[in-house]
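**Student:** One structure, as structure tokens, below. Some questions next.
The values are calculated or read from the model by the stated rules, or taken from the named source; none is laboratory data. All values reported here derive from a predicted model rather than from experimental measurement. No Cβ is skipped: glycine too gets one built from the backbone with ideal geometry, and neighbour counts run over all protein chains shown. To get the accessible areas, we keep the full protein, side chains included, count just its heavy atoms, and leave off ligands, DNA and RNA. Shrake-Rupley method; radii C 1.70, N 1.55, O 1.52, S 1.80 Å.
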Amino acid sequence: MDQRTVSDRVSNRQRFSLWQLVRRVLRAQRGAVAAPGRCLLEGLEPRQMLSISPIATPDYLLYHRDFGRAAITANPSGLSPSQLRQAYGLNQVQFGSVTGDGAGQTIAIVDAYNAPTIASDLHAFDAQYGLVNPTLTVVGQTGSFTLPGNDPAGAGNSWAVETSLDVEWAHAAAPGAKILLVLANSDSDADLFAAVNTARGYAGVAVVSMSWAGNESSSDPALNSYFTTPLGHTGVTFVAASGDSGAYNPDTNTLGVSYPAASPNVLSVGGTTLAVTSSGSYLGESGWGSGARSGTQGGSGGGISRYEPQPSYQAGLVPQTSTGRALPDVAMDADPASGVAVIDTWDFGSSNPWGQVGGTSLATPLWAGVIALADQGRAVAGLGTLDGATQTLPAIYSLPSSDFHDIVTGNNGYAAGPGYDLVTGRGTPIANRLVPDLAGITPTPTPTPTPTPTPTPQPVVGTLSINPNAVTAGTPVTLTAVNVQDTGGTLAEVAFYQETNGAPGLQIGSDVLVGYGTQVAGTTNWSLNISTSGMAWGNYTYYAVARDTGGANSTAASAGLNVVMPAPNAPANDNFANATVLTGTDLSVT
């Protein structure tokens, strides 16, 4: 794994040199900036811009029309949940008699550092807007309830604003869904991806929302397996922000895209400027951007990957390229000028706890809510949750254009236009149409014959060896999956299980997962060292299963381990000394 921190990968954005210079001048001349992260600038609209693609230590900039206007307010400003839900049709989703609100689904949100007041802030958010408090579970990056420390940047300039935005607006989009918040120990690649791994394997998680990124690099494709559904888990869709620097690397005019949004396994989310009435009626949208100045002034991330080949679901449907992964896939509101209200008492203080926030960091949890609604519809129909790489993304590109608002204006360095574009992808959701179609439960008036599917090549495990295969308890043992191959794809992982439920054959979910193997250098073998400490003597069965990045599993290979009784508990063996020789045909000996 690339061990650089996200901030190392995007050091230009974190410095934000121009605005930092302005801050220093203002402090020197005016001597009164209210708190870290609050910058008063003349002549521009009031908005808070939350940078997502290059976020490591968030650097919030508040734009003002006049000096002295409050940056953070006692009451909310910006769009409300009811306005957003009305504008995109989220409040009109129905599955027969069941209201589409995400009930029964779990949205996992991955961020860095602790958010000390997130639970109380979410309750205040719900009280302000009349929403029901959701089930909120907060864990550390390994899944334990031991949480990381606070952001070293301190209150007023921390990841906690990002976390508040993500949690509050994923909840606003899908009010009935549960929220799992997984907090990485830091904003390093190692910690953030460890948190993603925990989120994707957590029981019940259907969608993972990631409102952070770094500049794309050549090592990123090796990380794509993090954005796949784990063995034995229900389908998981991964959603990531495309970034806030338009078609450029942050603070430059160099074209570039962000990762993990560039992964072919991730739904990449761009941004728009949304116009609505006071009641939330949809008036229109344009692609968010500042043209060639988007790298420094903000805009929806988008462009063509230098390192990820074009996935099959984009083939022939993306006119801008036939070879590279294009992003974003979709979009929602992101311009801070049409941003939303966020409460964060730890950063903003208890007297003025509200801020108006934007960025593709807003669009991403909103789309996570859309996916949760679709998964709820599938549950109502008796179907499993969507797998992002094999179901959600191909569906996004095959759904009818009537499911989307096609955004034809705006420029992030590329121009928006009819059909797919590099600013807003396919567009923004008309949720009451898109969600049932995405769920795959909309009745088809004229069914068409289903073609015979082409068999998908699967990975193969040759044999499973256990060395040694007869031990006393406490002796280390090596499990080796021999000759693991996948001619039809790329191997992602090899899992080892122990038979525990008494039923013959591997039963994923009830037999115990022992761990994941590591490939033996220069071979097709994958091995895992295990401990036998505390095991009772007897015979044990183990299994090995290989999985590729497309989600296909191999047939399980099995082998046995004999844990023998150690001396002196075992009967003595004197090699038949003083043996009694029996003769005849009818004898009895003790």
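**Student:** Could you list, in sequence order, all residues of segment 507-521 that are in a loop (DSSP other than H, G, I, E, B) and either open to solvent by less than 40 Å² (accessible area, probe 1.4 Å) or modelled with pLDDT of 90 or more (or both)?
**Tutor:** Selection gives G517, V520, A521.
**Student:** Consider only pairs whose beta carbons are under 8 Å apart and that are at least six residues apart or on different chains; among these, list those whose first residue lies in segment 189-215 and is under 18 Å from L231 (Cα atoms) and whose second residue is of a type in the set (D, E, K, R) and open to solvent by 10 Å² or more (accessible area, probe 1.4 Å).
**Tutor:** Note: pairs meeting the criteria are G204/K178; V208/R200.
**Student:** Of all residues in segment 484-506, which are farther than 21 Å from N562 by Cα, part of a loop (DSSP other than H, G, I, E, B) and free of Cβ contacts under 8 Å to residues at least 40 places away in the same chain?
**Tutor:** Within segment 484-506, just T487 meets the criteria.
**Student:** Within segment 474-502, how many residues are within 19 Å of G538 (Cα to Cα), among the small types (G, A, S) and open to solvent by less than 50 Å² (accessible area, probe 1.4 Å)? Talk me through it step by step, then tell me what you get.
**Tutor:** So in segment 474-502, the residues within 19 Å of G538 (Cα to Cα) come out as 474-479, 497-502.
Keeping just the survivors that are among the small types (G, A, S) gives 474, 502.
Among the residues that remain, those that are also open to solvent by less than 50 Å² (accessible area, probe 1.4 Å) are: 474.
Residues in segment 474-502 being within 19 Å of G538 (Cα to Cα), among the small types (G, A, S) and open to solvent by less than 50 Å² (accessible area, probe 1.4 Å): 1 in total.
**Student:** In segment 428-463, which residues are open to solvent by less than 70 Å² (accessible area, probe 1.4 Å) and at pLDDT below 95?
**Tutor:** Within segment 428-463, the first condition is being open to solvent by less than 70 Å² (accessible area, probe 1.4 Å), and the residues that meet it are 428-432, 434-442, 457, 459, 461-462.
Scanning segment 428-463 gives G440, I441, T442, P457, P459, V461, G462.
**Student:** For G143, state whether it is within 14 Å of I343 (Cα to Cα), open to solvent by less than 40 Å² (accessible area, probe 1.4 Å) and out of contact with any strand residue (DSSP E or B) (no Cβ under 7 Å at 6 or more places or on another chain).
**Tutor:** Considered against the rule, which asks whether it is within 14 Å of I343 (Cα to Cα), open to solvent by less than 40 Å² (accessible area, probe 1.4 Å) and out of contact with any strand residue (DSSP E or B) (no Cβ under 7 Å at 6 or more places or on another chain), G143 comes out as no.
**Student:** Quick one: how many residues across segment 175-229 are within 27 Å of G358 (Cβ to Cβ), of a type in the set (S, T, N, Q) and either in contact with a Ser or Thr (Cβ under 7 Å, 6 or more places away or on another chain) or in a helix (DSSP H, G or I) (or both)?
**Tutor:** Going through segment 175-229 one residue at a time, the tally reaches 4.
**Student:** If you don't mind, there's one more thing I want to ask. Six or more apart or on different chains, Cβ atoms under 8 Å: show the pairs whose first residue is in segment 265-291 and without any contact (Cβ under 8 Å) to a residue 24 or more places away in the chain and farther than 17 Å from D421 by Cβ and whose second is polar (S, T, N, Q) and surrounded by fewer than 17 Cβ atoms within 10 Å (Cβ to Cβ).
**Tutor:** Every condition considered, the pairs that remain are L283/T277.
**Student:** Can you tell me how many residues within segment 355-377 are open to solvent by less than 10 Å² (accessible area, probe 1.4 Å) and not in a helix (DSSP H, G or I)?
**Tutor:** Number satisfying all stated conditions: 4.
**Student:** Moving on. Would you be able to tell me the number of residues in segment 79-105 that are in contact (Cβ under 8 Å) with a residue 60 or more places away in the chain, open to solvent by 40 Å² or more (accessible area, probe 1.4 Å) and in a loop (DSSP other than H, G, I, E, B)?
**Tutor:** 4
**Student:** Name the pairs whose Cβ atoms lie under 6 Å apart, with the first residue in segment 523-550 and touching a residue at least 24 places away in the same chain (Cβ under 8 Å) and closer than 17 Å to V484 by Cβ, the second acidic (D, E) and open to solvent by less than 50 Å² (accessible area, probe 1.4 Å), and 6 or more positions between them or separate chains?
**Tutor:** Pairs found: R547/E493; D548/D486.
**Student:** Considering L317, L327, L283, which residue is within 22 Å of the chain's Cα centre (by Cα) and not aromatic (F, W, Y)?
**Tutor:** L327 is the lone residue from the list that is within 22 Å of the chain's Cα centre (by Cα) and not aromatic (F, W, Y).
**Student:** If W537 satisfies every condition in (1) touching a strand residue (DSSP E or B) at 6+ places or on another chain (Cβ under 7 Å); (2) more than 30 Å from Q391 (Cβ to Cβ); (3) modelled with pLDDT of 90 or more but one, which is the exception?
**Tutor:** Only one criterion is unmet by W537, namely (3).
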